[in-house]
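Participant: Below is a structure I'd like to ask you about.
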Amino acid sequence: MKFTKMHGAGNDYVYVNCFEEQVDDPEQVAIKVSNRNFGIGSDGLILIMPSDKADVRMRMFNSDGSESEMCGNGIRCVAKYAYDHGIVSNKEITAETGAGILTLQLFTGSTGTVERVRVNMGKPRLTKAEIPMAGTPADGRTVGQPLNILHTTFAITCVSMGNPHCVIFVDDVENFQVEKYGPLIENHELFPRRTNVEFVQIISRTEVRQRTWERGAGETLACGTGASAVCIAGALNGLTEKKILNHLSGGDLELEWADDGCLYMTGPATEVFSGEIAI
Ligand SMILES: N[C@@H](CCC[C@H](N)C(=O)O)C(=O)O
């Protein structure tokens, strides 16, 4: 199987061009290639596929083999791959994802390759039914609600960007025990399809620092859908403006919850190397 290793702000995936390759068992392939000792090493697997509704289609699988509806850092890399490798020739493209069809704007650098991408991530989904979350009312929102974990009460705000996110604001994110609390919240009975968890420190009304515990992957260096959820959660809690700079462990993302109700994410996309692996 031919593959390309790419990352967005350090959130790294193995990308396969399914215009040319066929991947029969993506769940198992994701587990194999993601292994950082016995595989290629990544947070998961992303398939770049033809679409009958958009310029390109993305399917993404976490390192545990589970499929997610959406990947913010991944979709920027898919756009870069599609442009740099001649699948598309326009600098505004559409992509089919499990979260719907998204529009992306591509920005090239001096070498003519894509360096940054702005993604219209769509409107956040905020009801319990949409996230999904257990509990009633199903059309109610979860904004700053208490959740007890191991004798600690966290205020959680839940947002779906196509995939589920639970955002928690903390005082000192660098020293926060992400590995202790992340999996307990990811697998909490409140979340029937598990959840991604963002731990966030407010720096100012326009700047935050985020660490992410990802559903199906553990702590990663960045999460684009998570950063988008944080922008929404900060605004809903009155903690931040609707336009913020988010410092993730592997790089920065710009987020804006615009007047049209959509969330716009802008950030880097980087190709690292290509290779072949026996599957
Ligand atoms: N890192 C991604 C999100 C990947 C999927 C996530 N772990 C899930 O299961 O929903 C991003 O950049 O959005």
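The values are calculated or read from the model by the stated rules, or taken from the named source; none is laboratory data. None of these values were measured; they are calculated from a predicted model. Glycine gets a Cβ as well: all are built from the backbone with ideal geometry, and neighbour counts include every protein chain shown.
Participant: For the range 14-26, indicate whether the set of residues that are acidic (Asp, Glu) and under 18 Å from Gly224 (Cβ atoms) is non-empty. Lay out the reasoning, then the answer.
Facilitator: Filtering the range 14-26 down to residues acidic (Asp, Glu) leaves 20-21, 24-25.
Retained after the next criterion (residues that are under 18 Å from Gly224 (Cβ atoms)): none.
Looking through the range 14-26, none of the residues is acidic (Asp, Glu) and under 18 Å from Gly224 (Cβ atoms).
Participant: Taking the range 178-210 only, how many residues are acidic (Asp, Glu) and either outside the structural domain of Ala235 (by TED's automatic domain parsing) or surrounded by 15 or more Cβ atoms within 10 Å (Cβ to Cβ) (or both)?
Facilitator: Residues in the range 178-210 being acidic (Asp, Glu) and either outside the structural domain of Ala235 (by TED's automatic domain parsing) or surrounded by 15 or more Cβ atoms within 10 Å (Cβ to Cβ) (or both): 3 in total.
Participant: Same structure, new question: In the range 67-103, how many are under 15 Å from Leu47 (Cα atoms), free of Cβ contacts under 8 Å to residues at least 60 places away in the same chain and within 13 Å of the ligand (Cβ to nearest atom)? Give the steps one after another, and end with the answer.
Facilitator: So in the range 67-103, the residues under 15 Å from Leu47 (Cα atoms) come out as 67-82, 85, 87, 95-98.
Those still in the list that are free of Cβ contacts under 8 Å to residues at least 60 places away in the same chain too: 67, 82, 95-96.
Still in the running and within 13 Å of the ligand (Cβ to nearest atom): 67.
Residues that pass the stated criteria total 1.
Participant: What pairs come up if the first residue lies in the range 176-203 and is closer than 10 Å to Met133 by Cα, the second is buried (at least 18 other Cβ atoms within 10 Å of the Cβ) and aliphatic (A, V, I, L, M), and their beta carbons are under 6 Å apart, counting only those six or more places apart or on different chains?
Facilitator: Within 6 Å, the pairs are Leu190/Met133.
Participant: Mind listing just one residue for me: the one in the range 1-46 that is among the small types (Gly, Ala, Ser) and within 15 Å of the ligand (Cβ to nearest atom) and, of those, farthest from Leu221 (Cα to Cα)?
Facilitator: By that ranking, first place goes to Ala30.
Participant: If you check Glu219, Glu241, Glu256, which single one turns out to be at negative phi, within 16 Å of the ligand (Cβ to nearest atom) and not assigned by TED's automatic domain parsing to the domain that holds Asn35?
Facilitator: None of the others qualify; the one that does is Glu219.
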